[in-house]
Amino acid sequence: MNKTPTKRKISPVSREKRRKNFNDIIKFAVYSVIAIVVGLVGVGVHQWYEDEYKPMHETVIEVKGTEFDMEYFIEMLRYVSGENYQYAEYFTDYALRYIEYYEMIKQGAEELGITVSEKEITSIIKENDYNNTPVARDMIRASLLVPLLEEHFGAKIDATAAHSYVQAMFLESEAQVEEIKTRIANGESFEDIAAEL
């Protein structure tokens, strides 16, 4: 007896069912891989946002309604510290003061109608090969506005007006204040009394 294997004939319905099952498995695998990749990218983006992006965009200081974020503060700190990062912690107050100073000059000048064009600022940046950052632009703007403000206010100051000279002396008690007042009323010199004390 010859036992030759006989091929089973697969019906077209069965063949179509197998093909559909195979396609479903492939689709499931592809969708699973896509879901995993999207999930990993989402976690990575969230981590990047929380660790790097968000802290750099939180407000550090607000000057008369204008907010300055951490990225701006760090850039100002870089300028103020002369890029000596090991000493940067000693310059944080200066950086905050400069941010406030430059913004107050800008806003005060704007209120008086005194402005500097962006073209002038860009020209100075190019001439001196400075970095074109918001901090550099604000520093240059302030340096251009200060002489204009001095000119504006200088014209309004009366050079012949009476001047007052203030003299002060720090005393320990009310009784000592009364004693000094009496001595001055009796004709003693303020300078002599101050030198004595």
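Somewhere in region 111-120, is a residue among the hydroxyl-bearing types (Ser, Thr, Tyr), within 33 Å of the chain's Cα centre (by Cα) and not in a helix (DSSP H, G or I)?
Within region 111-120 (the criterion being among the hydroxyl-bearing types (Ser, Thr, Tyr), within 33 Å of the chain's Cα centre (by Cα) and not in a helix (DSSP H, G or I)), the answer is yes, since at least one residue qualifies.
For a quick check of your reading of the model, give me the residue pairs whose first member lies in region 114-126 and is among the aliphatic types (A, V, I, L, M), whose second is surrounded by 14 or more Cβ atoms within 10 Å (Cβ to Cβ) and not in a helix (DSSP H, G or I), with beta-carbon atoms closer than 8 Å and at least 6 apart or on different chains.
Taking only residues 6 or more apart or on different chains, the pairs are ILE124/TYR130.
When the residues of region 1-20 are filtered to those that are surrounded by fewer than 10 Cβ atoms within 10 Å (Cβ to Cβ) and polar (S, T, N, Q), which remaining residue is modelled with the highest pLDDT?
Within region 1-20, the match that is modelled with the highest pLDDT is SER11.
Hey, can you tell me all the residues within region 43-86 that are among the basic types (Lys, Arg) and modelled with pLDDT of 85 or more?
Step one: of region 43-86, the residues among the basic types (Lys, Arg) are 54, 64, 78.
LYS64, ARG78 - these are the residues of region 43-86 that are among the basic types (Lys, Arg) and modelled with pLDDT of 85 or more.
Can you tell me which residues in region 128-148 are among the hydrophobic types (A, V, I, L, M, F, W, C) and more than 14 Å from TYR72 (Cα to Cα)? So that I can check it myself, show each step before the final result.
Step one: of region 128-148, the residues among the hydrophobic types (A, V, I, L, M, F, W, C) are 135-136, 139-140, 142, 144-146, 148.
Matches in region 128-148: ILE140, ALA142, LEU144, LEU145, VAL146, LEU148.
The values are calculated or read from the model by the stated rules, or taken from the named source; none is laboratory data. Keep in mind that what you see is a predicted model, and the values were worked out from it rather than measured. Every residue, glycine as well, gets a Cβ built from its backbone with ideal geometry; the counts of neighbours run over all protein chains shown.
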